[in-house]
Protein chains: 2
Amino acid sequence: MKFELTILGTSAAVPYHDRWLAGQFLHIQDSYFLIDCGEGTQFRIKELGLKISKVNQIFISHLHGDHCFGLFGVLTSMAINGRTNALTIFSPAGLQEMVEGVFKSTYYQSPFPIHFFAVDTEGGRLLFENQQVSVFSVPLAHRIPTIGFVFKEKPFPLNMRPDKIEEFSIPFTAIKNIKLGADFTSPDGRLISNKELTLPPKKARSFAYCSDTSYLESLITHIKAVSLLYHEATFDHKMADHAAVTGHSTAHQAATIAQKAKVKKLIIGHFSSRYTNLSILLEEAKEVFENTVLGVDKETYVVDI
Amino acid sequence: MKFELTILGTSAAVPYHDRWLAGQFLHIQDSYFLIDCGEGTQFRIKELGLKISKVNQIFISHLHGDHCFGLFGVLTSMAINGRTNALTIFSPAGLQEMVEGVFKSTYYQSPFPIHFFAVDTEGGRLLFENQQVSVFSVPLAHRIPTIGFVFKEKPFPLNMRPDKIEEFSIPFTAIKNIKLGADFTSPDGRLISNKELTLPPKKARSFAYCSDTSYLESLITHIKAVSLLYHEATFDHKMADHAAVTGHSTAHQAATIAQKAKVKKLIIGHFSSRYTNLSILLEEAKEVFENTVLGVDKETYVVDI
């Protein structure tokens, strides 16, 4: 069962050579999500052959242009490619007015319904769930209302032990309940405890997206122990003052959040275009949190435990 | 003296592999213009090293997204790169409201003045001129208010014959007036006619941009004998009915306009993504107007007589 993150852009504010603007494509089991949508997002989606037609939820962290100017093209191209399914877009307030204003100015009417959901910036809200995934908001601290997102797999069922199916002649119809925790009464009347029949379930995986934000300890409880954290690291620690003023983080701060939240792995991104070579940011983060990697445009990251 | 057109995108409606959306960068002598601005325009400008900081006038043909969704990124990136000079944007009515709405929604204030100039669609209006160039509007017929543009060099001065400077001991201070057509009175009182002193001037060059439009004979007078015409050719002639309904042209129609307007050279572009191979469009156009070439993304075309 897939849990894969594809990064579409890692540059802050302006594109820098192959580093484009914020956008991520997330594939969890049977669900596909788009997170942020900077200019060029539709180009990258097309280039990488990602299944944008299967995306029914888009999550926009905040309304700075480098995180949302690609939305107009994504939405209109979805329509040209025949989309009829409804789409829901979660973001801080204001996106609906912007998108509808642009549609009006460009004489455009969407042939598929678009539901805009304005999320408050408190964090911890359940935004969406289906049978496999839940998505929660995370509070962030930027210059304008901004939220992060946590995508969590729902708990997996217990694993049935194949040898016990044979041993106790367990019928196929009973297996579903056993996987959910039920005991089993054999045809001869014996009660077999669930513990004897099953192995622990596969661990549920999770991914948190935190960009853009200053260093913010209050987000830690929301992203505790996630399998993968994407946290912005716009600057290096020598620019900590500038980071604070502009509502951004240093690589050191991103790694500190990862370390305190005990996440399994950290990807840093949203790099300032002042960094030609990103190794300074990676080294800075790894000193605090070893399992850090640089976000790379067009790379796909498998999320595991 | 340069007169060069760089095509940034040749695809209609949606990007198609390397064919991106409408945008052209025009360099005429000391002036730099941007024409249309589909999504991705700022990426192409950066990739090609074009001098966007020197652009003080942008011309937008119409408010369909594939011609203007790149504007937000171009304008905000200009600011990030330190622009302070005023910028004027010419377009049919409605662009100002859209751009200002997006700026408001994204908490953005431009640090440089942007003047929006709403152009009527009659055509033939002088939109801009400086010492070297005049820009006029051209009427087009699309589904929404749409204009084309003609960029014309101003007439060049006569060429002074070097041999005559020596023969008649013409002082340096007199040359400027002679180049503008004045006769010369020699120190010994002889009147030398301008015709004897000069050679014909370099011919002024011109470029017309006509996209998007149905076949429209009334535009011919506006683009008469231009050095280079860019005319949309979204479809081939078998799709003429569809072209008419959607407000587009076939390659045959684009070439017919070129032929009737007696232009020197035609570039066709704005290709539907249904054409993997564009040779069908090129061949169709060349049957009517031999000096036709396909528009190619990222190519620069020298405009000459």
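The values are calculated or read from the model by the stated rules, or taken from the named source; none is laboratory data. Keep in mind the model is a prediction, meaning the values are calculated, not measured. Ideal geometry is used to build each Cβ from the backbone, glycine not excepted, and the neighbour counts take in all protein chains shown. These accessible areas exclude ligands, DNA and RNA; they are computed on the full protein's heavy atoms, side chains included. Shrake-Rupley method; radii C 1.70, N 1.55, O 1.52, S 1.80 Å.
Taking A:LEU8 as the residue in question, decide whether it is of a type in the set (A, V, I, L, M, F, W, C), assigned to a loop (DSSP other than H, G, I, E, B), more than 10 Å from chain B (Cβ to nearest Cβ) and over 16 Å from B:PHE69 (Cβ atoms). Answer is no for this residue. The single residue among B:VAL263, B:VAL288, B:VAL302, B:VAL293 that is under 19 Å from B:THR6 (Cβ atoms) and open to solvent by less than 70 Å² (accessible area, probe 1.4 Å) turns out to be B:VAL293. Among the residues of the range A:131-155, those that are in a loop (DSSP other than H, G, I, E, B) and away from chain B (no Cβ under 14 Å) comprise A:GLN131, A:GLN132, A:LEU140, A:ALA141, A:LYS154, A:PRO155. The set of residues in the range A:163-192 that are assigned to a helix (DSSP H, G or I) and surrounded by fewer than 10 Cβ atoms within 10 Å (Cβ to Cβ) comprises A:ASP163, A:GLU166, A:PHE172, A:THR173. Check whether at least one residue in the range B:240-254 is among the charged types (D, E, K, R), modelled with pLDDT of 95 or more and crowded, with 18+ Cβ neighbours inside 10 Å, and report yes or no. No - not one qualifying residue is present in the range B:240-254. Entry remark, the range B:66-88: residues being crowded, with 17+ Cβ neighbours inside 10 Å and farther than 26 Å from A:GLY94 by Cα number 2 in total.
From the list A:PHE168, A:PHE172, A:PHE184, which one is touching a helix residue (DSSP H, G or I) at 6+ places or on another chain (Cβ under 7 Å), over 21 Å from A:GLU4 (Cα atoms) and of a type in the set (A, V, I, L, M, F, W, C)? Working first, answer last.
Values: A:PHE168 fails: touching a helix residue (DSSP H, G or I) at 6+ places or on another chain (Cβ under 7 Å); A:PHE172 fails: touching a helix residue (DSSP H, G or I) at 6+ places or on another chain (Cβ under 7 Å).
Only one candidate qualifies: A:PHE184.
Being more than 8 Å from chain A (Cβ to nearest Cβ) and surrounded by 16 or more Cβ atoms within 10 Å (Cβ to Cβ) is the filter; apply it to the range B:95-106 and report the residue that is farthest from the chain's Cα centre (by Cα). Only one residue fits best here, namely B:PHE103.
Here is a yes/no grid of residues against (1) touching a Ser or Thr at 6+ places or on another chain (Cβ under 9 Å); (2) without any contact (Cβ under 8 Å) to a residue 60 or more places away in the chain; (3) β-branched (Val, Ile, Thr); (4) open to solvent by 20 Å² or more (accessible area, probe 1.4 Å):
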position: B:PHE112; (1), (2), (3), (4): yes, yes, no, no
position: B:GLU122; (1), (2), (3), (4): yes, yes, no, yes
position: B:LEU126; (1), (2), (3), (4): yes, yes, no, yes
position: B:ASN130; (1), (2), (3), (4): yes, no, no, yes
position: B:PRO139; (1), (2), (3), (4): yes, no, no, no
position: B:ARG143; (1), (2), (3), (4): yes, no, no, yes
position: B:THR146; (1), (2), (3), (4): yes, no, yes, no
position: B:PHE149; (1), (2), (3), (4): yes, no, no, no
position: B:GLU153; (1), (2), (3), (4): yes, no, no, no
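In the set (1) of a type in the set (Gly, Ala, Ser); (2) free of Cβ contacts under 8 Å to residues at least 40 places away in the same chain; (3) under 20 Å from B:ILE144 (Cβ atoms), the condition left unmet by B:GLY23 is number (2).
Within the range B:66-94, count every residue that is within 11 Å of chain A (Cβ to nearest Cβ) and not in a loop (DSSP other than H, G, I, E, B).
Here is the first cut: in the range B:66-94, the ones within 11 Å of chain A (Cβ to nearest Cβ) are B:66-81, B:91-94.
This time we only want the ones that are not in a loop (DSSP other than H, G, I, E, B), so: B:66-68, B:71-80, B:91.
Total satisfying the criteria: 14.
More than 12 Å from chain A (Cβ to nearest Cβ) and either assigned to a loop (DSSP other than H, G, I, E, B) or closer than 27 Å to A:SER61 by Cβ (or both), is that true of B:GLN109? So that I can check it myself, show each step before the final result.
Values: more than 12 Å from chain A (Cβ to nearest Cβ): yes; either assigned to a loop (DSSP other than H, G, I, E, B) or closer than 27 Å to A:SER61 by Cβ (or both): yes.
Here the answer is yes, as B:GLN109 does meet what is asked.
Taken over the range A:193-234, the criterion of being more than 19 Å from A:GLU4 (Cβ to Cβ), open to solvent by less than 10 Å² (accessible area, probe 1.4 Å) and free of Cβ contacts under 8 Å to residues at least 60 places away in the same chain is satisfied by A:LEU197, A:ALA233. All of B:PHE128, B:PHE116 fail the test of being modelled with pLDDT of 95 or more, on the phi < 0 side of the Ramachandran plot, more than 14 Å from every other protein chain (Cβ to nearest Cβ) and not in a loop (DSSP other than H, G, I, E, B), apart from B:PHE128.
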